[in-house]
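J.: There's a structure below that I have some questions on.
The values are calculated or read from the model by the stated rules, or taken from the named source; none is laboratory data. Small disclaimer: the values here were computed from a predicted structure and weren't measured. All Cβ positions, glycine included, derive from the backbone under ideal geometry; neighbour counts span all protein chains shown. Quick note on the areas: whole protein, heavy atoms, side chains included, nothing else; ligands and nucleic acids left out. Shrake-Rupley method; radii C 1.70, N 1.55, O 1.52, S 1.80 Å.
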Amino acid sequence: MNKRRVSLMLCALFSQSTFATSERIDTLAQAVEGDVVKWRHHFHQNPELSNREFKTAQYIANYLNELGLDVQTKVAHTGVVAILDSGNPGPVVALRADIDALPITETSGVTFASRATALYNDNQVGVMHACGHDTHAAMLMGAAKVLVEMKSKLKGKVKFIFQPAEEGAPAGEQGGAELMIKQGVLDSPKVDVIFGIHINSQTDVGTIKYRSGGIMAAVDPFKITIKGKQSHGAYPWLSVDPVVTAAQIILGLQTIVSRELKLIDNAAVISVGSIHGGNRSNIIPNEVELVGTIRTLDDGMRQHIHESLTRKAKLIAQSMGATAEVIVPDGFQYPVTYNDPSLMLQMLPTLEATAGKDNVMLANAVMGAEDFSFFQQKIPGLYLFVGGKTKSIPVEQAPGHHTPDFVIDDEGMQLGVRTLSNLVLDYMNK
Ligand SMILES: [Zn+2]
Ligand SMILES: [Zn+2]
């Protein structure tokens, strides 16, 4: 038999077994779908705020224990981490779901709507899964079940990461992905690659959106304190007016993005969100404070903005006879959610095989942020959007994330379970 013939036969065998594997995943995902919906409704009716996901974590841990996994709780306060060891040599692949809810009173009208309340910033508030993290937890539990059943086909280990506080820890507390990493979630066993999905209320059920490179923005806060000289409002020539200086600085910042950045490569945003200064109509104050946010998808652009914003603020202030102190913290509030391009290329066929080629679409980058990015700073990872909108509802009528009437169609979750499972299987068997 010639070499070419052998390799053709091997090829055929391989694709047949790949096909059989993905068919088996479909069957298992279908079998667990009822449970996934049940779990999701349970989480939705029992939402808990960031770093307070005590019962949510317990519910997840109970199920993972039932599956016979090696389960660790109280990671980064309320996180749950479980390991599935295939017993075969191979990589360690992590799957991550965030599990926290938001201080929002639900008005969606779904039968399983939340009526929960909790104390938030000293106020009693409604609590709602208004970002879909209830579906994330349920889908990852579903994928755990599927992968346990597929154990003999796995190589290496799967690490299931149920992460608290994605929406941000309460004031004065640490939390989320960053704290999990500090506590060693990516070590022992050392994780090689991580996958995560976010359900999306404005993307059709059955579809996946992906992007190579930056898919969600890095976030940096900034603060500019302008110091001038106070005077009576009737005698401005006796002042160094920080209010007019602030106005000029705000306008000056507008040309950083519009004139200095190569926007055909990536988007960027600078927004001033708060101005404080003065307390009376006839007093020019001594000081004005500006606070804002910088959003970038590229490290070079981020660096450019930091330097340019600092320079402009200081020199505009100087030109007015005032001074500006500029603070752009060194660390990240959020890094860019960055999909490793070669990993994206490697796993795109898996997405297309799972959802169907026509149902996998290139996404525009989003200027919101996601703390999954902290994992991707350490190891290669992919973050994808999975559709949660009922197809017949026009996109303009689908409420956005973090709104009280936010809705996710249960039917979207099965594709999530299949996607997570296939990513693990295909990565291990590449
Ligand atoms: Zn959110
Ligand atoms: Zn979210």
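J.: Return the total of residues in the stretch 301-323 being free of Cβ contacts under 8 Å to residues at least 60 places away in the same chain and among the basic types (Lys, Arg).
T.: 2
J.: Further question: Residues in the stretch 179-195: is at least one within 16 Å of ligand 1 (Cβ to nearest atom) and in contact (Cβ under 8 Å) with a residue 12 or more places away in the chain?
T.: no
J.: Would you call Ser342 closer than 18 Å to Tyr427 by Cα, among the polar types (S, T, N, Q) and loosely packed, with under 14 Cβ neighbours inside 10 Å? Don't jump to the end; show me each part of the working.
T.: On the way: closer than 18 Å to Tyr427 by Cα: yes; among the polar types (S, T, N, Q): yes; loosely packed, with under 14 Cβ neighbours inside 10 Å: yes.
Criteria met by Ser342.
J.: If you check Met128, Met141, Met150, which single one turns out to be open to solvent by less than 10 Å² (accessible area, probe 1.4 Å), over 15 Å from the mean Cα position of the chain (by Cα) and within 16 Å of ligand 1 (Cβ to nearest atom)?
T.: Testing whether each residue is open to solvent by less than 10 Å² (accessible area, probe 1.4 Å), over 15 Å from the mean Cα position of the chain (by Cα) and within 16 Å of ligand 1 (Cβ to nearest atom) leaves just Met128.
J.: List every residue pair whose Cβ atoms sit under 6 Å apart, with the two residues 6 or more apart in sequence or on different chains, where the first one lies in the stretch 120-133 and is at positive phi and in contact (Cβ under 8 Å) with a residue 12 or more places away in the chain and the second, anywhere, is open to solvent by 30 Å² or more (accessible area, probe 1.4 Å) and away from ligand 2 (no atom under 16 Å from the Cβ).
T.: Going by the 6 Å Cβ cut-off, there are no qualifying pairs.
J.: Taking the residues in the stretch 89-122 that are polar (S, T, N, Q) and modelled with pLDDT of 95 or more as candidates, determine which candidate is farthest from ligand 1 (Cβ to nearest atom).
T.: Thr111
J.: Something else: What's the total number of residues in the stretch 318-351 that are aromatic (Phe, Trp, Tyr) and touching a Gly at 6+ places or on another chain (Cβ under 7 Å)?
T.: Looking only at that region, the number is 1.
Table: residues versus (1) touching a helix residue (DSSP H, G or I) at 6+ places or on another chain (Cβ under 8 Å); (2) farther than 30 Å from Thr310 by Cα; (3) open to solvent by 10 Å² or more (accessible area, probe 1.4 Å).
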| site | (1), (2), (3) |
| --- | --- |
| Pro329 | no, no, yes |
| Thr337 | yes, no, no |
| Leu348 | no, yes, yes |
| Ala363 | no, yes, no |
| Pro380 | yes, yes, yes |
| Ile393 | no, yes, yes |
| Pro399 | no, yes, yes |
| Gln414 | yes, yes, yes |
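J.: What residue, of Thr225, Thr293, Thr245, is of a type in the set (Ser, Thr, Tyr) and within 31 Å of the chain's Cα centre (by Cα)?
T.: None of the others qualify; the one that does is Thr293.
J.: Assess whether Thr27 counts as being away from ligand 1 (no atom under 16 Å from the Cβ), closer than 21 Å to Asp410 by Cα and of a type outside the set (Gly, Ala, Ser). Walk me through how you get there before you give the answer.
T.: Details: away from ligand 1 (no atom under 16 Å from the Cβ): yes; closer than 21 Å to Asp410 by Cα: yes; of a type outside the set (Gly, Ala, Ser): yes.
Judged against the criteria, Thr27 is a match.
J.: Looking at the stretch 126-139, is at least one residue more than 16 Å from ligand 2 (Cβ to nearest atom) and closer than 28 Å to Gly387 by Cα?
T.: Yes - at least one qualifying residue is present in the stretch 126-139.
J.: In the stretch 153-166, what count of residues is obtained for those that are out of contact with any strand residue (DSSP E or B) (no Cβ under 6 Å at 6 or more places or on another chain) and within 16 Å of ligand 1 (Cβ to nearest atom)?
T.: The total comes to 1.
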